[in-house]
Amino acid sequence: MPKSTTIESIGALPRESCWVLTDGAAGNRRQALALAEALTPSIREIVVDLRAPWSWFAPRLLPGARLALGRDEETLLPPWPKLAIGCGRQAAWATRHIRRWSAGAALTVQILDPRIDPAHWDLVVAPRHDGLRGDNVLNPLGSLHPIDDAWLADGRDAFAQFALLPGPRLGVLVGGARHGAPFDAPASEGFLAAVCARHAADGGSVLVAASRRTPAAALPRIRDAFADLPGVVWTGSTDGPNPYPGILGWADRLVVTPDSVNMLSEACATGRPVHTVVSAPLPGKLARFHTELRSAGLLHDVDAVTPAEQVPLRETAAIAAEVKRHLGLL
């Protein structure tokens, strides 16, 4: 069922002006909500869970679209919003249908390459490494996110105890495997060894967080690698609240596994130097993303000497302004 939040609207958007549609995956929700919140505080969040066979072909169309939603059919009924923002394939199916069902009254923005003609939406936001281009396509370097100075300050406030750790504080963000980029025992051990070598060179403390995608088999290796170092190691809810906001807020330097576009983008938003460890060739799109970050001076080898600060990668506000301009929402 959808979650609804109704707040006084701003700008040219009316009350209950924006629907945010995703499959519920954390990375997709984060991007879609970041863009929506940069446009209006009047947001309704809807999780799209399609039945088979519609889910297999999304966002392509099959007959009987209403049957695809099952008992959740009532979540996609008028009155239509002024704007619908989707992220992910199932959401792309929904935003495509909303545009059709509303006869264009609902403007639609799809985040990430839908892998079909972007003309099915009013606007598509696809990162450069996706390779999608078009008159209605916006191409940020990284993923959309909410991180700015205020967000980082909130993270420091929520984890104020990190200020007591010796500096420099090395933030370590651990993702997991993705197609063409395994995070098996050799990859995880190589990453952890490189991080420990960086700490040995710099001193200070470590702030470590695993993610939902970190393989369970890697968690003991992570705990063991940092057991004797000052700092914090978080491998799941049994370790307390997820310190991710505090890590981004307090880290003087970050090392991120190479697999996650979202984590790399958010680490680069801090304005601190960001490093990674690449032990094998990366798949095409991910390799292009790494190349773009390195060309911009935002990503470095784990042992690289860097300035203490770098230009933060914060594109959400600029993309929101472009969405307003393209869709006439100014």
I'd like the full set of residues that are touching a residue at least 12 places away in the same chain (Cβ under 8 Å) and either hydrophobic (A, V, I, L, M, F, W, C) or surrounded by 15 or more Cβ atoms within 10 Å (Cβ to Cβ) (or both), limited to region 224-242. Ala225, Phe226, Leu229, Gly231, Val232, Val233, Trp234, Thr235, Asn242
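Tally time: how many residues in region 275-291 are outside any strand (DSSP E or B) and closer than 28 Å to Asp148 by Cβ?
7
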So is Arg272 in a loop (DSSP other than H, G, I, E, B), farther than 20 Å from Gln31 by Cα and in the same structural domain as Ala181 (by TED's automatic domain parsing) or not? yes
Go through the residues of region 35-42 one by one and say whether even a single one is at pLDDT 95 or above and either in contact with a Ser or Thr (Cβ under 6 Å, 6 or more places away or on another chain) or not in a helix (DSSP H, G or I) (or both). yes
Looking at this structure, is Ser265 free of Cβ contacts under 8 Å to residues at least 24 places away in the same chain and either surrounded by fewer than 16 Cβ atoms within 10 Å (Cβ to Cβ) or within 23 Å of Gly131 (Cβ to Cβ) (or both)? no
Taking the condition surrounded by 12 or more Cβ atoms within 10 Å (Cβ to Cβ), at pLDDT 95 or above and among the polar types (S, T, N, Q), does Thr22 pass? yes
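The values are calculated or read from the model by the stated rules, or taken from the named source; none is laboratory data. Keep in mind it's a predicted model, so treat the numbers as computed, not measured. As a convention, Cβ positions derive from the backbone with ideal geometry for all residues, glycine included, and neighbour counts pool all protein chains shown.
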